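Enquirer: Below are the structure tokens for one structure; questions will follow.
The values are calculated or read from the model by the stated rules, or taken from the named source; none is laboratory data. Computed from a predicted model, the values in this text were never measured in an experiment. Note: ideal-geometry Cβ built from the backbone for every residue, glycine included; neighbour counts use all protein chains shown.
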Amino acid sequence: MGVGPPADHFVPYGPSHWVLIVLLVGGSVVVAVFGHRHRDVEPGFRRGFAGVVLAFNVPLLVYRQLPAQWDIAESLPLHLCDLAWMAAAVALWTRHPLAYALTFYWGLTLTPQAMITPALDAPDFPHVDFVEFWGQHLVVVWAAAYLTWGAGLRPTWREYWFAAAVTCTWVVAMLAFNAWAGTNYGFVSGKPENPSLLDLLGGWPWYLFAEVALGLAAWALLTWPWTRVRAQGMAKPC
């Protein structure tokens with residue numbers, strides 16, 4: 001018989017995982033509805049939200065650089081979730097369309113995927129690894145939901161292509177870095193050990209091509225309704 005994880009270890013689709021999925025959905029709805037109903041406090045709330053994102057993530061980033069915690073395979077902020085929270089903080093503080101684009105596309109597709117099939121081999125709550133993993137992902141999804149349905153930002157095809165270019169560049173850069181450092185940032189050099197959606201896309205490197213193609217198609221489907229609504233609004237007679 002195989003030996004299962006310790007009793008205090010995080011288990012996918014265990015109680016803590018389901019609680020976090022509820023927080024993912026419920027928190028997204030709450031910030032979107034609050035933002036939509038209270039546009040009068042939008043600048044203050046939005047920048048306060050940016051402060052929360054930074055206050056949560058920056059100390060953890062510093063913590064990972066301490067000698068006792070340093071691991072070249074994990075400590076560098078090179079995973080897409082690291083770049084996503086940085087983009088979310090900038091988008092929340094500035095409403096910059098390009099920072100918003102990364103937050104929107106990453107936060108509404110890739111980040112939820114990572115939460116549904118988490119590559120987390122760590123003790124359960126309240127261990128720092130657990131809190132870091134879930135906190136990073138939650139704030140990105142919440143930020144994307146708030147900026148879109150609360151603060152009224154909208155994706156465009158220009159932003160679609162920007163996000164696509166940045167993401168593809170990141171994939172190539174991580175392939176090169178992983179080959180040099182012997183790491184696997186972004187799981188672009190190998191699939192995670194935990195079951196994930198990547199298992200349905202073939203072996204390496206073919207799953208990378210499939211993931212990019214499916215991702216770009218999903219992003220296009222997310223973009224089209226907003227651009228359609230915008231075009232119809234502009235076409236209406238005064």
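Enquirer: Out of the residues in the range 152-196 that are touching a Gly at 6+ places or on another chain (Cβ under 9 Å) and within 30 Å of ALA32 (Cα to Cα), which is modelled with the lowest pLDDT?
Expert: Only one residue fits best here, namely GLY152.
Enquirer: Something else now. Which of the residues that make up the range 93-129 are part of a helix (DSSP H, G or I), free of Cβ contacts under 8 Å to residues at least 24 places away in the same chain and more than 22 Å from TYR63 (Cα to Cα)? Break it down stepwise before answering.
Expert: Step one: of the range 93-129, the residues part of a helix (DSSP H, G or I) are 93-94, 97-116, 128-129.
Pick out the ones that are also free of Cβ contacts under 8 Å to residues at least 24 places away in the same chain and you get 94, 99, 129.
Once the filter is applied, which keeps residues that are part of a helix (DSSP H, G or I), free of Cβ contacts under 8 Å to residues at least 24 places away in the same chain and more than 22 Å from TYR63 (Cα to Cα), the range 93-129 yields THR94, ALA99.
Enquirer: Which of the residues that make up the range 191-223 are within 26 Å of GLU159 (Cα to Cα), among the small types (Gly, Ala, Ser) and in contact (Cβ under 8 Å) with a residue 24 or more places away in the chain?
Expert: Once the filter is applied, which keeps residues that are within 26 Å of GLU159 (Cα to Cα), among the small types (Gly, Ala, Ser) and in contact (Cβ under 8 Å) with a residue 24 or more places away in the chain, the range 191-223 yields GLY215, ALA218, ALA220.
Enquirer: Tell me, which residue of the range 104-122 that is of a type outside the set (Ser, Thr, Tyr) and over 22 Å from PRO15 (Cβ atoms) is surrounded by the fewest Cβ atoms within 10 Å (Cβ to Cβ)? Walk me through it before giving the result.
Expert: Step one: filter the range 104-122 for residues of a type outside the set (Ser, Thr, Tyr), giving 104, 106-108, 110, 112-116, 118-122.
Next cut, over 22 Å from PRO15 (Cβ atoms) only: 104, 106-108, 110.
Numbers: PHE104: 29, TRP106: 27, GLY107: 29, LEU108: 19, LEU110: 21.
The selected residue is LEU108.
Enquirer: What's the total number of residues in the range 172-219 that are surrounded by 16 or more Cβ atoms within 10 Å (Cβ to Cβ) and more than 29 Å from TYR13 (Cα to Cα)?
Expert: Of the residues in that region, 4 qualify.
Enquirer: Restricting the search to the range 17-71, which residues are among the acidic types (Asp, Glu) and part of a helix (DSSP H, G or I)? So that I can check it myself, show each step before the final result.
Expert: At the first step, the residues of the range 17-71 found to be among the acidic types (Asp, Glu) are 40, 42, 71.
Residues satisfying the conditions are ASP40, GLU42.
Enquirer: In this structure, is VAL188 without any contact (Cβ under 8 Å) to a residue 40 or more places away in the chain, of a type in the set (A, V, I, L, M), closer than 21 Å to LEU102 by Cα and in contact with a helix residue (DSSP H, G or I) (Cβ under 6 Å, 6 or more places away or on another chain)?
Expert: Values: without any contact (Cβ under 8 Å) to a residue 40 or more places away in the chain: yes; of a type in the set (A, V, I, L, M): yes; closer than 21 Å to LEU102 by Cα: yes; in contact with a helix residue (DSSP H, G or I) (Cβ under 6 Å, 6 or more places away or on another chain): yes.
Answer is yes for this residue.
Enquirer: Inside the range 142-167, can you point out the residues that are among the hydrophobic types (A, V, I, L, M, F, W, C) and farther than 25 Å from LEU20 by Cβ? Reasoning before the result, please.
Expert: Kept after step one, since they are among the hydrophobic types (A, V, I, L, M, F, W, C), are these residues of the range 142-167: 142-145, 147, 149, 151, 153, 157, 161-166.
Passing the criteria: LEU153, TRP157, TRP161, PHE162, ALA163, ALA164, ALA165, VAL166.
Enquirer: Okay, moving on. Looking at (1) under 28 Å from PRO77 (Cβ atoms); (2) touching a residue at least 12 places away in the same chain (Cβ under 8 Å); (3) more than 20 Å from the chain's Cα centre (by Cα), which is the one condition that is false for TRP226?
Expert: It fails just one condition, (1).
Enquirer: In the range 66-78, which residue that is touching a residue at least 60 places away in the same chain (Cβ under 8 Å) and surrounded by fewer than 17 Cβ atoms within 10 Å (Cβ to Cβ) is farthest from PRO118 (Cα to Cα)? Outline the logic, then answer.
Expert: As a first pass, look at the range 66-78 and keep what is touching a residue at least 60 places away in the same chain (Cβ under 8 Å): 72-73, 76, 78.
Going one step further and asking which of them are surrounded by fewer than 17 Cβ atoms within 10 Å (Cβ to Cβ), we end up with 72-73.
Numbers: ILE72: 21, ALA73: 17 Å.
Looking at residues that are touching a residue at least 60 places away in the same chain (Cβ under 8 Å) and surrounded by fewer than 17 Cβ atoms within 10 Å (Cβ to Cβ), I get ILE72.
Enquirer: Answer yes if at least one residue in the range 82-92 is of a type outside the set (A, V, I, L, M), assigned to a helix (DSSP H, G or I) and at pLDDT 95 or above, and no otherwise. Explain how you work it out, then say what you get.
Expert: Of all residues in the range 82-92, those of a type outside the set (A, V, I, L, M) come to 82, 85.
Adding the requirement that they be assigned to a helix (DSSP H, G or I) leaves 82, 85.
Narrowing further to those that are at pLDDT 95 or above: 82, 85.
Yes, some residue in the range 82-92 is of a type outside the set (A, V, I, L, M), assigned to a helix (DSSP H, G or I) and at pLDDT 95 or above.
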